[in-house]
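No lab work stands behind these numbers, since they all come straight from the coordinates. Model, not experiment: these values are computed from the prediction. Ideal geometry is used to build each Cβ from the backbone, glycine not excepted, and the neighbour counts take in all protein chains shown.
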Amino acid sequence: MKNIISLFLLCFNALLFAQTNHFKITNFSSHDISFVAVSMNLSEPLMNCVPIIYNEIPAVLPAGHSISYSQINDSLVNDLPIRYWHLVGGSFEETYDLTLAPLSTSDTDLVSWHQVIIYAPNGQDYTLGGGCMGGGIYNITAGGIKAELNLISGVADVVITDD
Amino acid sequence: MKKTILIIAGALFFASCSNESLAITSQENLQTDAMKNFRQAMINMSKPENLATPEEQRMKNFPEMSDRRKNLLLPAAKELIQSTGISDSHINTETSGDKGAIINWALDIYIENTKPSKHKN
């Protein structure tokens with residue numbers, strides 16, 4: 001009986017923390033926009049957010065296009081594939097090449113999409129979203145674009161428009 | 001007791017997968033009024049009067065989009081879903097009338113039609 005309850009609690013925990021929500025980014029602007037999607041563990045502030053996982057090479061979303069990501073380990077087969085993910089795990093950092101090995105579920109299950117770094121046409125980068133110390137910036141008007149990050153029923157949605 | 005636990009576990013599993021059943025019907029024509037209207041509604045969200053107010057930003061569930069802002073997107077979102085042949089009653093059945101779920105469904109349709117692979121030469 002105890003085993004069954006433990007198994008049930010384990011399953012419930014996995015459902016609660018599994019990285020299932022999507023990250024959606026829509027580029028309505030007239031510029032190709034590079035971005036870095038950041039997934040992290042905001043549920044453990046004392047751990048200073050770790051793990052933090054982000055795409056090491058900014059992805060380029062062409063003007064007028066949109067894209068959606070779900071699981072980090074599925075990003076290689078996306079319409080805008082992401083191959084390299086950088087993992088900050090507290091005492092270590094490592095870059096994973098998804099063509100060689102997926103990230104461990106013990107890391108990916110703890111994180112969800114909370115931040116995006118946008119590279120504006122002027123070359124400057126701007127971070128949108130929540131930070132490890134709380135607070136955060138959720139919309140900017142800078143560098144020729146407007147960008148906003150919202151959660152819609154828990155799904156991270158980034159919208160970029162011309163300024 | 002075992003039966004009860006299994007039923008609860010099963011219900012949680014199916015609840016977690018409920019959004020997966022939302023149909024995404026592809027539209028080939030990006031220039032439909034429904035696509036244009038949804039695009040415009042999304043762009044209008046970045047107007048100063050439509051951004052999250054300081055009061056909304058202080059709400060406990062922020063950055064979850066406020067009901068006021070979801071209401072701004074809802075008509076265009078429903079129109080886009082309906083343009084794929086899905087009825088209003090079916091939308092309500094699938095989403096239980098949840099505004100966020102409806103907007104996410106419309107976003108999925110929009111993204112399906114504007115993803116980079118759709119326009120490769």
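Data table
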{"item": "Residues A:T26, B:T93, A:T141 arranged by fewest to most Cβ contacts within 10 Å", "result": "B:T93, A:T141, A:T26"}
{"item": "Residue among A:F35, A:M133, A:V77 farthest towards the positive dipole end of the range A:2-162, charges placed on Cβ", "result": "A:M133"}
{"item": "Estimated FRET transfer efficiency when R0 is 35 angstrom, pair A:A101-A:D32 (beta carbons, to 0.05)", "result": "0.70"}
{"item": "For A:H114, B:H90, A:H31, order by how many other beta-carbon atoms lie within 10 Å, fewest first", "result": "B:H90, A:H31, A:H114"}
{"item": "Highest average packing first - B:108-115, A:118-125, Cβ atoms within 10 Å", "result": "B:108-115, A:118-125"}
{"item": "Calculated diffusion of the range A:2-162, Stokes-Einstein form, Kirkwood radius summed over Cα pairs, 20 °C and 1.002 mPa s, µm²/s", "result": "131"}
{"item": "Amide hydrogen neighbours beyond the local backbone of A:K146, cut-off 5 Å, H modeled", "result": "A:T161, A:D162, A:D163"}
{"item": "Averaged over B:101-114, number of beta-carbon atoms from partner chains that fall within 10 Å", "result": "4"}
{"item": "Cβ-Cβ FRET estimate between B:L51 and A:V77, R0 fixed at 45 Å, reported to 0.05", "result": "0.80"}
